[in-house]
Amino acid sequence: MKELKKRIREEGKVIGSEILKVDHFLNHQIDPVLMFKIGEKFADIFENKEVSKVITIESSGIAPALMTGLALKVPVIFARKKKPVTLDEGSLSTEIFSFTKQVSNTVYIEKGMLTADDHVLIIDDFLANGEASLGLTKIIEMAGAVVVGIGIVIEKSFQDGRKRLDHAGYPVFSLARIASLENGQVTFIER
Ligand code: G4P
Ligand code: NA
Ligand code: NA
């Protein structure tokens, strides 16, 4: 997605050789106009998959997921990182290990939020090692629902996530694919 890559080039800050900071439109301040276009793009890409629900993990995945749900006119679920007191006894949960933060977190959704009839589209802001997306696929499959695709805003293709999701057989589409962040430079994989 041309406009997204332009924004990354102009506003992104590279930290070390592995982290891209995009706090002006995605991870802290959110640009709703850009997010709207991102949602329309994902809706276009996955339009023939009969998506019945979009799912993400709080917090940074919510903005692009919500806009995708708006474009597809389907509900959006965000898995929670803390177990809410209002959550039913029978919640679905899975462990997600963050390589970036070197901690393991449990994420939860309420049982009954997904049913065996659901065709679920996973949306996330970043794809690094794929732990978040793989965790969501587990929760979806625990509910007996089907993962119809994974939409990623920014993929760091030099990390293992993309390979792992491809290998697991899920259709993945990333709006920006970063080949390298070496020497403070963002290098994209051009299609
Ligand atoms: P993985 O799911 O692909 O394995 O990623 P990882 O555990 O390494 O990511 C942990 C957190 O760091 C995630 O956010 C992820 O979105 C974020 N992250 C990973 N790489 C980058 C990067 O290069 N830039 C930015 N800005 N974020 C990155 P989170 O902990 O779920 O937090 P939240 O922001 O969604 O609340
Ligand atoms: Na994040
Ligand atoms: Na995220």
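The values are calculated or read from the model by the stated rules, or taken from the named source; none is laboratory data. Note that this is a predicted model, so its numbers are computed, not measured. A quick note on method: Cβ atoms are made from the backbone with ideal geometry, for glycine too, and the neighbour counts reach across all protein chains shown.
Ala168 meets all of the listed conditions (1) over 22 Å from Gly39 (Cα atoms); (2) out of contact with any helix residue (DSSP H, G or I) (no Cβ under 9 Å at 6 or more places or on another chain); (3) away from ligand 3 (no atom under 16 Å from the Cβ); (4) at pLDDT 95 or above but one, namely (2). Looking at Leu181, Leu121, Leu127, Leu134, just one residue is under 22 Å from Asn48 (Cα atoms) and modelled with pLDDT of 95 or more, and that residue is Leu121.
For the stretch 29-48, indicate whether the set of residues that are more than 16 Å from the chain's Cα centre (by Cα), touching a residue at least 40 places away in the same chain (Cβ under 8 Å) and part of a helix (DSSP H, G or I) is non-empty. Taking every residue of the stretch 29-48 in turn, none turns out to be more than 16 Å from the chain's Cα centre (by Cα), touching a residue at least 40 places away in the same chain (Cβ under 8 Å) and part of a helix (DSSP H, G or I). Can you tell me which residue is farthest from ligand 2 (Cβ to nearest atom) among those in the stretch 6-65 that are of a type in the set (Lys, Arg) and crowded, with 19+ Cβ neighbours inside 10 Å? Restricting to residues being of a type in the set (Lys, Arg) and crowded, with 19+ Cβ neighbours inside 10 Å, the top hit is Lys53. Entry remark, the stretch 95-130: residues being under 20 Å from Ile77 (Cβ atoms) and within 16 Å of ligand 2 (Cβ to nearest atom) number 10 in total.
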